[in-house]
Amino acid sequence: MLRVHFTGLDLARLRLAGEPDALWETVLSLHRLRDKQGESIFGDWRSETRARLNGETRLLAPLVPSRGYFPDFLTPPEGVLGLDAGVQALRETPAERVHQELGRLSTARTLPAWIRSMAEGDTRAVDKLTGALLAYHEAAITPYWSSIQAQIEADRAVRGRALLDGGADALLSSLPPMMRWRAPVLEADYPVDRDVHLNGRGLLLVPSFFCRRTPVTYQNPDLTPVLVYPARHMSESAPAAVTAPRSLGKLVGHTRSAVLGSIGGGCTTSELARRVGVSAASASQHAGVLREAGLVLTLRNGSAVMHTLTPLGAALLRGGHRGPLGRRTQSSVPERSTPATM
């Protein structure tokens, strides 16, 4: 079991990542590619991704084993800013840290020569690593990125609504069932017994599409505290993404009913556009018509606006959910701990 110990200052500094983290999704997807679970969600993605790969999995597998530890430097905090920022931060990891973390990895298995040379400071080996990560990301993540974003946004809407309704306590209580908030400690299913003391540093919660079964955190307790947790998949939970019935489509039009159903627990205009697959201008126009009809409420939040359903709008929706991780041709597409059972 993992136990994350909060102080009052930590609760005040609790944050939720605004975007999926490019490198966490890349690394954690390697686990999903090699296991056989979640076929309804990951089945098509596995077969399509394998067809595009060209040996990247073989290169990366020793660094990211199916079970247990993988180096912290593979997922720097900058990954939440995008792939390029994350890879640049990885390249800039101090050689001493790379040596230490790869040394920990080598105690469990014999590493290939190129990884051993990276541990000794060979910059060409670092280039080989980042090249493999970029190629793997292009094959496994890029074609599905907009769908991954939509799923993370849906999860964030659930957490954000909990935070607005009940503060940090409600947000921590809303996390997936493998995580349990028993103030002042967040407990989570975990392959080993471990305590993490935040000591006033706060915690960044990162919802992840490819994280499954258990949350993931850095092995090094001195790094900025991060907890990556499994995002609620739309195919697993109707409240996370409700779709409109055909009868509503006849009433307000199919695109407008899709807009209404995609708003879910709340979203901005750009998020709404991504979910429905229309331009931001079109999404704004449709939301405006629904607002005039009393189905949607729009509030300004800084430079953005947040759309939510009114009780009347929610009453018009009936059941349904989005499908699993979809194919590239579909408009509605689509664990780091040490040690860990991913």
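The values are calculated or read from the model by the stated rules, or taken from the named source; none is laboratory data. The structure displayed is predicted, hence computed values, not measured ones. Neighbour counts are summed over all protein chains in view; Cβ atoms, including those assigned to glycine, are modelled from backbone coordinates with ideal geometry. Note: areas computed on protein heavy atoms with side chains; ligands, DNA, RNA excluded. Shrake-Rupley method; radii C 1.70, N 1.55, O 1.52, S 1.80 Å.
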Here is a check on your reading of the model: is Leu186 more than 21 Å from Thr75 (Cα to Cα), touching a strand residue (DSSP E or B) at 6+ places or on another chain (Cβ under 6 Å), modelled with pLDDT of 90 or more and not in a helix (DSSP H, G or I)? yes
Of the candidates Gly38, Gly8, the one satisfying the condition of being modelled with pLDDT under 90 and open to solvent by 10 Å² or more (accessible area, probe 1.4 Å) is Gly38
Look through Asp222, Asp165 and report the one residue that is closer than 30 Å to Ser117 by Cβ and surrounded by fewer than 16 Cβ atoms within 10 Å (Cβ to Cβ). Asp222
Of Trp145, Trp181, which residue is open to solvent by less than 70 Å² (accessible area, probe 1.4 Å), modelled with pLDDT of 95 or more and of a type outside the set (Asp, Glu)? Trp181
Any hit, segment 204-222, residues being of a type outside the set (Lys, Arg), outside any strand (DSSP E or B) and farther than 22 Å from Val64 by Cα: no
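Surrounded by 15 or more Cβ atoms within 10 Å (Cβ to Cβ) and closer than 28 Å to Gly18 by Cα, is that true of Leu74?
Values: surrounded by 15 or more Cβ atoms within 10 Å (Cβ to Cβ): yes; closer than 28 Å to Gly18 by Cα: yes.
Against the criterion (surrounded by 15 or more Cβ atoms within 10 Å (Cβ to Cβ) and closer than 28 Å to Gly18 by Cα), Leu74 qualifies.
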Say we look at segment 1-19 and pick out the residues that are part of a helix (DSSP H, G or I) and of a type in the set (Gly, Ala, Ser); which of these is farthest from Ala183 (Cα to Cα)? Ala12
Within segment 295-302, is there a residue that is among the charged types (D, E, K, R) and modelled with pLDDT under 65? no
Please verify whether Arg3 is among the basic types (Lys, Arg) and out of contact with any helix residue (DSSP H, G or I) (no Cβ under 9 Å at 6 or more places or on another chain), treating the condition exactly as stated. yes
Residue list for segment 20-52, restricted to those being touching a helix residue (DSSP H, G or I) at 6+ places or on another chain (Cβ under 6 Å) and in a loop (DSSP other than H, G, I, E, B): Pro20, Asp21
